[in-house]
Amino acid sequence: MLSTKIWTLLLSSFFIILCISPVYSQQQEIRILHVNDFHGFAVEYRPYGSSEMQGGLAYLAWKIDKLRSEKPSLLLAAGDMIQGNNWANLFQGKSVIEAMNVMGFDAMVVGNHEFDYGQDVVRERIAEANFPVLGANVTGVSELKQYIIKELEGVRIAVIGVVTDEVPVTTHPRNVVGLEFLPPADRVQKIVWDLRNRCDIIVVLSHLGFTGDMELAKKVNGIDLIVGGHSHTKLEKPVFVGTTTIVQAYEHGKALGVVEITVEDRQIAGITSFIEPIHPDPKVMNKTVAAIVDNYQKKVDARMNETVGVAEVDLDGKNVRLGETNLGNLLADIMRGASGADTAIINGGGIRTSINKGPVKVNDVYSVVPFDNYIVAIKLSGKQIQETLEHGVSGFEEEEGRFPQVSGLIFTYDHKSPKGSRIKEVLIAGQPLVLEKDYTVATNDFLAAGGDGYKAFGDALKSSKDYSVMGGTIKAEKLVYNDSGRWLRDVIIDYIKDQKTISPKIEGRIREGK
Amino acid sequence: MKVYVNDREVTIVPGMTVKHALIAAGLVHEIEKGKRVYDKYGNEIGLGGALTEGSKMYVR
């Protein structure tokens, strides 16, 4: 009798244990944390048009630590992490990788801007990373992995990395010589076929942009989740395309993406996601990451005080809206030289201050050109150059910022003539401007986009044949130079460093006359 | 590359971003006033966001 009771008790206990055992239920809760397009914004900042401080790597790291402590998690970066802000640029992204190592990233995919410092630097950063860097559709960088497989609570998760095949459009051609960026869908499909039976969940870590992610989800069967970047999209909720879930977490560390996945019998039983905004709060920061941020920020501050060369004359940034100045000439010459263009036309308003005779510091150059501008060169007809100059001098009386500073050309204007007919003579390489002839004109991206009312660059592009990427370089009829990965101010610093001394003069490039 | 800001076509250099499209449309100062940019699906996008041929965005 006693023996029967004991056996009954033992059997009941066994079944109770069996019922509550995870082995029996086969259900796991896992979490994927993700960031994208960080661009080196380690220090919190007030975004353009916002009234509040946002971001801050130390606060982002604290939030990651907290969420990761609650359940098994992966931490992923969807590209464009190491270029953009000075905190990253002055160290060619080394600072970012150091912080990411401490934060315990599981994987990162290369973004287009990871190539902005050149291939050697890409390889150096990959070597420094304690986590794999992915790029399944990139050939020529053997250090990039196609995918990784991670196991969380017995769930096998594959993470495949792909980057936009338009990388050569967004960086200088020299940065991608010998590399190929293959159509991502083909590569992903092949890898998914290979991995599907070996893994429970397939994640694509993508730097294709939201539209590209949706196209990928439509084209490729078998992707469970796409963690995206490139378009800086703030996806507050997941987007579903068939059986694929797409997420993306804005930009600059201002948000952390969180994906909650329930797995049952090795299949996704439920998936949801949300965005966790990041704001500075000294009470909730990762102190180790905060120390890294501070350490590099001190180096940034020190770098600002470094002397890069000597100005043998005062450099006039004050009168750039009224006429030719030696500083305007210097900057226009540097831009023309860097791009190999026939001429350069820039807006005087883009030159914000003067530099006194004597040592030139990094901070002096940053003060002259504080904006994140880069050099573009576009073919304009002689007629378009004439119209551009007319537009430039049309705001002379109001001292508008569109007044031009030039290189490689001389023009004469009469500010008393009616607007639209003030330009009297234009010489390029000493020869009169030929209205029907094409010339290459260097400028900054602001004017190329139509800033300050300059329309000729956009008009020229409209008439350009479709651009294409061939062998790692851009082929376009009108676009001849485009280096979005290198700020103009850094080009100027490198020039002054190289020259050691500078003494630009007023040369009569801009003449008043009738 | 042609993109659309508030349904108006603008032409920018390939590789340019949301910020450049707003410059081309003369709307970048709207952001300083507190307006934001959204893609055609209603998702907010950052000024550095990449664009592709035919991208549509709205400032509001």
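Coordinate-derived values only; no laboratory data. Keep in mind it's a predicted model, so treat the numbers as computed, not measured. Cβ atoms come from the backbone with ideal geometry, glycine included; neighbour counts cover every protein chain shown.
Taking chymotrypsin sites (Phe, Trp or Tyr not before Pro) across segment A:48-124, the ones in a DSSP loop with at most 15 further Cβ atoms lying within 10 angstrom of their Cβ are A:Y48. Each residue, A:A429 and A:T353, gets one label point 7 Å from its Cα in the Cβ direction; the gap between the two is 3.9 nm.
The value of relative contact order for chain A, using C-alpha pairs under 8 Å at least six residues apart, is 15 percent.
Viscosity 1.567 mPa s, temperature 4 °C: give me the Stokes-Einstein translational D for segment A:210-282 in µm²/s, with Rh taken as the Kirkwood radius over C-alpha pairs.
On the way: Rh = 13.1 Å.
After rounding, the answer is 99 µm²/s.
Quick one: helix A:326-339 against the long Cα principal axis of chain A, what's the angle to the nearest 10°, folded into 0 to 90? Taking Cα atoms only, the helix is inclined about 60 degrees.
Here the mean projected area of the convex hull built on the C-alpha positions of segment A:367-462 is 6.4 nm².
For chain A, the longest principal axis of the C-alpha atoms and the axis of helix A:57-70 are separated by about 10°. Annotation for segment A:332-392: chymotrypsin sites (Phe, Trp or Tyr not before Pro) lying in DSSP loop with at most 16 further Cβ atoms inside 10 Å of their Cβ are A:F371. Think of it as helices only: each DSSP H run of n ≥ 4 in chain B is worth -39500 (n - 2.57), and spread over all residues that comes to -4500 deg cm²/dmol at 222 nm.
Annotation: the antiparallel percentage among DSSP beta bridges lying fully within the protein assembly as shown is about 70.
Remark: mean inter-chain Cβ contacts per residue of A:227-234 equal 6, using a 10 Å Cβ-Cβ cutoff to other protein chain atoms.
Inverting the pair-averaged 1/r between distinct Cα atoms of the protein assembly as shown gives 25.6 Å as its Kirkwood hydrodynamic radius.
Helix A:488-499 and the longest principal axis of the Cα set of chain A meet at an angle near 60°.
When the helix-only estimate is applied to chain A (DSSP H runs of n ≥ 4, each -39,500 (n - 2.57), divided by the residue count), what is the mean residue ellipticity at 222 nm, nearest 500 deg cm²/dmol? Mind showing how you got there, number by number?
On the way: 16 runs with 161 residues, N = 514.
My calculation for chain A gives -9000 deg cm²/dmol from helical runs alone.
Pairs of Cα atoms nearer than 8 Å and 6+ residues apart set the relative contact order; for chain B it is 45 percent. For segment A:48-181, the antiparallel share of DSSP beta bridges with both residues in that region comes to about 60%. With Rh defined as the Kirkwood radius, the inverse of the mean 1/r over Cα pairs, the Rg/Rh of chain B is 0.91.
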